[in-house]
1. Being of a type in the set (D, E) and without any contact (Cβ under 8 Å) to a residue 40 or more places away in the chain is the filter here, so list the residues in segment 103-127 that pass it.
2. Tell me which residues, restricted to segment 103-119, are part of a helix (DSSP H, G or I) and buried (at least 17 other Cβ atoms within 10 Å of the Cβ).
3. Assuming D30 fulfils every condition listed in (1) surrounded by fewer than 10 Cβ atoms within 10 Å (Cβ to Cβ); (2) at pLDDT below 75 apart from one, which condition is it?
4. Is there any pair linking a residue in segment 75-102 that is more than 19 Å from Q115 (Cα to Cα) to one that is of a type in the set (F, W, Y), with Cβ under 8 Å and at least six apart or on different chains, and which?
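The values are calculated or read from the model by the stated rules, or taken from the named source; none is laboratory data. Keep in mind it's a predicted model, so treat the numbers as computed, not measured. Heads up, the Cβs are rebuilt from the backbone with ideal geometry, glycines too, and the neighbour counts pull from every protein chain shown.
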Amino acid sequence: MQPTKREAEAATKLGQAILEFVTAVGEGNDGRRPQRPREEVRVQPQLQPWQQPRPAPVVPEPKEAGLIGLRGAAEYLGVSTRLLHQLTAPRGAIPVVKISHRVMYDMNDLRTAVQRMKITPNSPSTA
């Protein structure tokens with residue numbers, strides 16, 4: 001649809017009026033407040049939660065001897081509780097101490113299990 005001659009003239013006048021208005025507002029702002037240089041205006045970008053740096057994991061100080069629970073043993077070994085449960089006797093090689101319904105791990109048994117699982121350059125490959 002083509003605009004009529006009158007519509008085209010009105011659009012041109014409107015465009016000129018808007019341009020004149022914007023120019024006048026700019027000149028009015030210049031007189032009211034001093035212009036700040038662009039270098040001073042800096043916006044710090046907001047980081048999304050997934051962009052925030054993660055804190056270092058807190059590793060508990062291992063006990064010299066004694067019993068620890070499932071989570072403590074998993075943290076000590078650096079594995080998930082699910083994997084530790086799979087490595088626990090009778091399914092796996094790590095012995096446990098059951099006290100009522102609680103499953104506890106002896107620190108000496110955990111150290112021994114780590115030594116048994118350690119692969120050295122001279123050890124036979126199990127893969």
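1. D109
2. M107, D109, L110, A113
3. Result: D30 passes all but (1).
4. V97/Y105
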